[in-house]
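Report on the structure given below.
What follows is calculated from the coordinates using simple rules that are stated; it is not laboratory data. Bear in mind that the values here come from a model prediction, so they are computed numbers and not experimental data. Backbone-built Cβ (ideal geometry, glycine too); neighbour counts: all protein chains shown.
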Amino acid sequence: MAPRKLVAGNWKMHGLSGDIAEIERIAAASRAYPQVDVALCIPATLIERAARAVPGFAVGGEDVHAAEKGAHTGCTSAPMLVDAGARLTIVGHSERRDAQRESDFEVSAKADAALGCGLAVILCVGEILEVREQGAALDTVLAQLDGSLPPQPVGAAELAVAYEPVWAIGTGKVPACDEIAEMHAAIRARLVERLGDSGERMRILYGGSVNGSNAAEIFTVPNVDGALVGGASLTASAFMPIVAAAAETARRA
Ligand code: 13P
């Protein structure tokens, strides 16, 4: 049986206290789609207020430090995220791999730290355009996945992998369905090889310019178990059609 779809928003560096009302709208509207898991990963400054405003709804962080505490100015630890009310966190987003020069090893340590504190993890992988044009996308992404998976065994409910081709993020460009299918199948095979049965059931999300118009088609691609959504997750009006498309795919399955 296909896993439940997960539609997660990544607000990136967007959101002030006035936007809690939008989170409330998304949480309330999500109740109409009980067959889909919905989550919002938001700036650390908003997590506590959001978690209080929408108890029962999955609010998460966008990144986490691998250490429990210490001299790491500006960073947020997994216990801090949990303390603020987060249930999950993203690790390894390409914007951090690029701007903060995060290595696969660091991403793996972050995932390990988050899981150790009971947070679910969305682990991002994805190739840059040059790599795709060279025909090296599959090898590159699988190597990233190998290096970024946490060292400990992990259950299917605790980790999701998000395939986010860097060239599709915020550009309005989306890979062809057969390109997504090929990559997701390769990720699935590697997850099964590494994690056995939980790799079969682990969710593989697609991310990169997902919106209300293209979500339904993307969700029909084999091994696409949901989406990680940037820009279109900032408002209920843009985000909910994506959740509705996931629910419709689940209903037809
Ligand atoms: P967009 O949906 O804005 O392309 O962003 C995707 C993303 O980076 C989600 O993590």
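Structural remarks
- Residue pairs meeting the criteria (Cβ under 6 Å; at least 6 apart or on separate chains; first free of Cβ contacts under 8 Å to residues at least 60 places away in the same chain, in segment 176-195; second polar (S, T, N, Q)): His184/Asn223; Ala185/Asn223; Arg188/Asn223
- Looking across Arg87, Arg96, Arg101, Arg31, one residue alone is in contact (Cβ under 8 Å) with a residue 24 or more places away in the chain, surrounded by fewer than 20 Cβ atoms within 10 Å (Cβ to Cβ) and away from the ligand (no atom under 16 Å from the Cβ). It is Arg87.
- Inter-residue pairs, beta-carbon under 6 Å, first among the hydrophobic types (A, V, I, L, M, F, W, C) and in segment 200-211, second in a loop (DSSP other than H, G, I, E, B) and more than 8 Å from the ligand (Cβ to nearest atom), 6+ apart: Met202/Ala156; Ile204/Asn223; Ile204/Asp225
- The C-beta contact set for segment 242-253 (first residue over 14 Å from Pro3 (Cβ atoms), second residue part of a helix (DSSP H, G or I), distance under 7 angstrom, 6+ apart or interchain) comprises Ile242/Ala215; Ile242/Ala232; Val243/Ser30; Ala245/Ala215; Ala245/Ala216; Ala245/Phe219; Glu248/Ala216.
- For segment 164-173, filtered to residues that are of a type outside the set (Ser, Thr, Tyr) and not in a helix (DSSP H, G or I), the residue that is surrounded by the fewest Cβ atoms within 10 Å (Cβ to Cβ) is Gly172.
- Number of residues in segment 104-115 that are closer than 18 Å to Ala58 by Cα and surrounded by fewer than 24 Cβ atoms within 10 Å (Cβ to Cβ): the value is 1.
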